[in-house]
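Asks: Sharing a structure, written as structure tokens. Questions coming.
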Amino acid sequence: MRILLPMAAALVPLALFPGWSFYFDITPKIVILLLLTGAALMFWDGSIVRGRVPALLNMQIAWLAVATALSRNPALSLNGSNWRRFGLVTYGAVLLYGLLVMRDVSGDSNRIENYLRAATVAAIPIGLYGMAQYFGYDPLLNALDYHAGEGIFTIVRPPSTLGHANYFGVYLVYIAFLGSALFCTSLARSWRLIGAAAAVVAVMAAVLSGTRGALVGIIAGFLLLAFRWPAARGRRSIWATATAAACLALFCISPAGAELRSRIHWSFEEPVGGARPQLWRDTLEMSSKKLLA
């Protein structure tokens, strides 16, 4: 279990097999998640972790099962849509994986580094692949699928191995801080360097992904880190942040930043997130008609 669970943390986001499946960005991830989580269960000793978070995860699994049983379309609720497949089976496997990880690290907090290592090692090629997509190099996918607009307003939203730029960006938010954690806590210099590299690649790739929510998440996270960790408010940290901001500004005004400037232009045209607020409004309206359900 101690090898299988960190392996899943690396392989699931990394998996991408064009030509192997019609949904080549999702199906391989689900297969790996289910196989490794199922294999880890075979080595589970049956013990559980007590606390609020494990209790909430167990309650969520139980509630998902109830919701599936009472669904108007139980098959859809069980398996999810053809593309995302995020029904009870996959969703339950994700939550179960989380419970198993908590059980694994509860016995020895040093095992947390195994997950940091696995996640950051996989994140570096994932981030670099997304950056390569932004600059027009993609040996696996058709670049037209993640370009939008025409002329000077053409934007590129690199998905890397995650299927969509939004998913890619959100993934990078976690990697930015997992890499930072590995850099700050590991006793091995090589792993500290890998953690720092993963964090830097994650921030750079998140900018190029054009995902506004990811950028907000990274900024909010680093502000909280600066508030909680005095070393982050030191002179070196301030200079590093200022240097990174200056480099980003120079990149934006350079020829290579044309697509990023177009993305900024698009963002100003839909400052509240496009049609998302209307979707949230309609969701609240639909929910209000069946509050008990």
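Asks: Under a plain spin-label model, where a point goes 7 Å from the Cα along Cα-to-Cβ, how far apart in nm are S109 and F135?
Replies: 4.1 nm
Asks: Can you run phi through the Karplus equation (6.51, -1.76, 1.60; θ = phi - 60°) for the range 53-60 and list ³J(HN,Hα) in whole Hz, with x for Gly and Pro?
Replies: With the stated coefficients, the range 53-60 comes to 5, x, 5, 5, 5, 4, 5, 5 Hz.
Asks: Just from its helices, what would the mean residue ellipticity at 222 nm be for the chain, if runs of 4 or more DSSP H residues each count -39500 (n - 2.57) and the sum is divided by every residue, rounded to the nearest 500 deg cm²/dmol?
Replies: -22500 deg cm²/dmol
Asks: Return one whole number: the accessible area per residue of the chain in Å², for a 1.4 Å probe.
Replies: Dividing the accessible area of the chain by its residue count gives 60 Å².
Asks: Moving to a separate point now. With r as the distance between the Cβ atoms of L193 and W239 and R0 = 22 Å, compute the FRET efficiency 1/(1 + (r/R0)^6) and round to 0.05.
Replies: 0.65
Asks: What FRET efficiency, computed as 1/(1 + (r/R0)^6) with R0 = 30 Å and r the Cβ-Cβ distance, is obtained for Q278 and L223, rounded to the nearest 0.05?
Replies: So the FRET efficiency works out to roughly 0.50.
Asks: Among 10-16, 207-213, what's the highest-first ranking by average C-beta atoms within 10 angstrom per residue?
Replies: 207-213, 10-16
Asks: Would you mind checking the radius of gyration and Dmax of the range 12-103 based on alpha-carbon positions, in Å?
Replies: In order Rg, Dmax, the Cα atoms of the range 12-103 give 14.5, 44 Å.
Asks: Assign unit charges at the C-beta atoms only (+1 for Lys and Arg, -1 for Asp and Glu), then state the dipole size of the chain relative to its Cα centre in Debye, rounded to the nearest 20.
Replies: 800 debye
Asks: So, one more: Calculate how large, on average over all directions, the projected area of the Cα convex hull of the chain is; give the answer in nm² to one decimal.
Replies: 18.3 nm²
The values are calculated or read from the model by the stated rules, or taken from the named source; none is laboratory data. Just so you know, these numbers come straight off a predicted model, no measurement behind them. Here the Cβ is made from the backbone with ideal geometry for all residues, glycine too, and neighbour counts use every protein chain on show. For accessibility, only protein heavy atoms count, side chains too; no ligands or nucleic acids. Shrake-Rupley method; radii C 1.70, N 1.55, O 1.52, S 1.80 Å.
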